[in-house]
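The values are calculated or read from the model by the stated rules, or taken from the named source; none is laboratory data. Here the structure is a predicted model, which is why all the values come from computation and not from measurement. So basically every Cβ, Gly included, is an ideal-geometry build from the backbone, and we count neighbours across all protein chains shown. We work out accessible area using only protein heavy atoms, side chains counted, and drop any ligands, DNA or RNA first. Shrake-Rupley method; radii C 1.70, N 1.55, O 1.52, S 1.80 Å.
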Amino acid sequence: MAFRKKSTKNPPVLSHEFILQNHADLVACVGMFFVLGLMFEGTAEASIVFITLQHSVTFPAAEERATESKFLYYYGIKDLATVFFYMLVAIIIHATIQEYVLDKINRRMQFPKAKQSKFNESGQFSVFYLVSCIWGTFILISENCLSDPTLLWRAHPHNMMTFQMKFFYISQLAYWFHAFPELYFQRTKKQDIPRQLVYIGLHLFHIAGAYLLYLNHLGLVLLMMHYFVELLSHICDLFYFSDEKYQKEFSLWAIVFILGRLVTLIVSVVTVGFHLAGGQNRNPDAITGNVNVLAAKIAVLSSSCTIQAYITWNLFNVQLQRWMEEDTTLQAPSVKKKRTKGRSSRKGTENGVATSNRVDSPHKRKEKSS
């Protein structure tokens, strides 16, 4: 299956250009090895580690009428294999969206090369944030987190999570890990790589922190607020790339952006600073999830404040760059008009002098003749 448009010339096998053009096909072949491993008894046990969630614990049904047992999960070293497999899936989905959606829009809109990379980035993130917001909201509703806000700082048992909660975090980690090889596959410019690495690293750090500290519900709520604001940001960017007249809407959106950051900080401070303070454990144990100590709370608050400050600072930089670009585009035609006016006035005066000389020349000739 071809996810990228192939050129007329066939590059050498395993060359730089060959990998860039066929990276989705190569990754799909690697993923098929794990899927085909389920068909054989000798490799099924190893393949299951990559495809299904690991570290499950079976709990008996709480009610007498209930016949099905309940499965809860904790994290472990086998989760790295699961993250790797779904990272391959994320690369394939990324290439599919790029080939069948974004590339077609680029060809229709005929964006310049400078805008194509930014448009592709905003398009990919818009799809990811939209799916994550819908999925995360469904989890919050199904686990009664919206109706019972106390789940933000407590969960029973505190070191366990449901299937959908763990699968959500595994998928999030897989997506952000897949962003590292995508820097190579998408031919990211060298000057943009440091910014992308910081952006990806901050998301991985905070998602992994909430996953390892068993702050699943709090991390999910903060992620939903963050993703919703980022979704609006990239949607505004898509409209801005299609037509620059939407710059005013971008300025109005900046207010929503700042309000979203403030709400995120308030939820973090209220949850971590007040509610977790009442249930501090004297005998913390990081292995079992009892990490409710002063050092952990300070780390959570500081990291939350840091990422909000960093993202807000990036917003100001982007806004300033766009204002500067608008000023340069507005000043350029005004300078051209002044130059054309000056030239036209000079030509007018020269023409006027020439015509006056031409009119006066017959009279002067009569005077001379008389």
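Which pairs have Cβ atoms under 9 Å, sit 6 or more apart or on different chains, and link a residue in the stretch 100-128 that is more than 18 Å from Gln196 (Cα to Cα) to one that is open to solvent by less than 20 Å² (accessible area, probe 1.4 Å) and polar (S, T, N, Q)? From the stretch 100-128, the pairs are Leu102/Gln124.
What are the residues in the stretch 195-222 that are over 16 Å from Thr264 (Cα atoms) and either among the aliphatic types (A, V, I, L, M) or under 15 Å from the mean Cα position of the chain (by Cα) (or both), if any? Step through it out loud before you land on a result.
Taking the stretch 195-222 first, the residues over 16 Å from Thr264 (Cα atoms) are 195-201, 204-205, 208-209, 211-214.
Listed by number, the residues that qualify are Arg195, Gln196, Leu197, Val198, Tyr199, Ile200, Gly201, Leu204, Phe205, Ala208, Leu212, Leu213.
Lys70 falls short on exactly one of the conditions (1) modelled with pLDDT under 80; (2) open to solvent by less than 60 Å² (accessible area, probe 1.4 Å), and that condition is (2).
Take the residues in the stretch 71-88 that are in a helix (DSSP H, G or I) and in contact with a Leu (Cβ under 7 Å, 6 or more places away or on another chain), then tell me which one is farthest from Val35 (Cα to Cα). Explain how you work it out, then say what you get.
The first filter runs over the stretch 71-88 and keeps only residues in a helix (DSSP H, G or I), leaving 79-88.
Now narrow it down to the ones that are in contact with a Leu (Cβ under 7 Å, 6 or more places away or on another chain): 82-83.
Numbers: Thr82: 13, Val83: 15 Å.
Going through the qualifying residues, I end up with Val83.
Being at pLDDT 75 or above, under 20 Å from Ala208 (Cβ atoms) and assigned to a helix (DSSP H, G or I), is that true of even one residue in the stretch 244-257? No: the stretch 244-257 contains no residue that is at pLDDT 75 or above, under 20 Å from Ala208 (Cβ atoms) and assigned to a helix (DSSP H, G or I). Residue-level check: of (1) in contact with a helix residue (DSSP H, G or I) (Cβ under 9 Å, 6 or more places away or on another chain); (2) under 30 Å from Met225 (Cβ atoms); (3) open to solvent by 50 Å² or more (accessible area, probe 1.4 Å); (4) charged (D, E, K, R), Glu143 misses just (3).
Would you check if there is a residue in the stretch 220-227 being farther than 14 Å from Leu315 by Cα, open to solvent by less than 20 Å² (accessible area, probe 1.4 Å), at pLDDT 85 or above and hydroxyl-bearing (Ser, Thr, Tyr)? Yes: the stretch 220-227 contains one or more residues that are farther than 14 Å from Leu315 by Cα, open to solvent by less than 20 Å² (accessible area, probe 1.4 Å), at pLDDT 85 or above and hydroxyl-bearing (Ser, Thr, Tyr).
Restricting attention to the stretch 288-328, and to residues there that are among the small types (Gly, Ala, Ser) and either touching a Phe, Trp or Tyr at 6+ places or on another chain (Cβ under 6 Å) or at pLDDT below 75 (or both), which single residue is most open to solvent (accessible area, probe 1.4 Å)?
Only one residue tops the list, namely Ala295.
Residues satisfying the criterion are present in the stretch 89-96 (criterion: assigned to a helix (DSSP H, G or I), closer than 22 Å to Leu197 by Cα and more than 16 Å from the chain's Cα centre (by Cα)). Of the residues screened, Pro12 is not one that is within 30 Å of Leu212 (Cα to Cα), surrounded by fewer than 16 Cβ atoms within 10 Å (Cβ to Cβ), at pLDDT below 85 and not aliphatic (A, V, I, L, M).
Any residue at all in the stretch 166-174 that's surrounded by fewer than 18 Cβ atoms within 10 Å (Cβ to Cβ) and of a type outside the set (Asp, Glu)?
If we filter the stretch 166-174 for residues that are surrounded by fewer than 18 Cβ atoms within 10 Å (Cβ to Cβ), which is where we start, we get none.
Scanning the stretch 166-174, I find no residue that is surrounded by fewer than 18 Cβ atoms within 10 Å (Cβ to Cβ) and of a type outside the set (Asp, Glu), so the answer is no.
Run Asn159 past the list (1) open to solvent by less than 40 Å² (accessible area, probe 1.4 Å); (2) assigned to a helix (DSSP H, G or I); (3) in contact with a Ser or Thr (Cβ under 9 Å, 6 or more places away or on another chain) and report the number of the one that doesn't hold. Condition (2) is where Asn159 drops out.
Among the residues of the stretch 86-94, is there at least one that is under 19 Å from Leu238 (Cα atoms) and open to solvent by less than 80 Å² (accessible area, probe 1.4 Å)? For the stretch 86-94, residues under 19 Å from Leu238 (Cα atoms) and open to solvent by less than 80 Å² (accessible area, probe 1.4 Å): present.
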